[in-house]
Amino acid sequence: EGEYDAMAVYQATGMPAVSLPNGCRSLPPQVLGLLERFEKVVLWMDADKPGQEGADLFSKKIGLGRTFVVKPDSKRHAPPSEAG
């Protein structure tokens, strides 16, 4: 599913986008190396707990000063019983 998300982001924004090859808990060293050339990295992970935990972890690995994390709107992503 991540590959389709990356393609959709690129098509909508024109910005380079990549998908993590092994899901939200894996940031391979070769991917980290490829990100070095970018001054700003935007992480847009799944809205679930593992996705957000991965975003927090990866932002530290990539560098907090150049990483921006898209945070989900809790009301939009909550199950209907929790949306209020």
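Taken together, the values in this text are just the output of simple stated rules run on the coordinates, not laboratory data. The structure displayed is predicted, hence computed values, not measured ones.
Per-structure values
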{"read-out": "Tilt relative to the chain, helix 2-13 - C-alpha long axis, 0 to 90 degrees, to 10", "value": "80"}
{"read-out": "Two-decimal Rg/Rh across the chain, once Rg and the Kirkwood Rh are taken from alpha-carbon atoms", "value": "0.99"}
{"read-out": "Helix-only CD estimate at 222 nm, as mean residue ellipticity for the chain, using -39500 (n - 2.57) per DSSP H run (n ≥ 4)", "value": "-12500 deg cm²/dmol"}
{"read-out": "Degrees separating the helix 49-62 axis from the principal Cα axis of the chain, which is the longest one", "value": "30"}
{"read-out": "Amide H within-cut-off set for Thr67, under 5 Å, with H built and near neighbours excluded", "value": "Val41"}
{"read-out": "Fully extended contour minus Cα-Cα distance, from Val31 to Val18, at 0.36 nm per residue", "value": "3.8 nm"}
{"read-out": "Met45 long-range amide H proximity, modeled H, under 5 Å", "value": "Val70"}
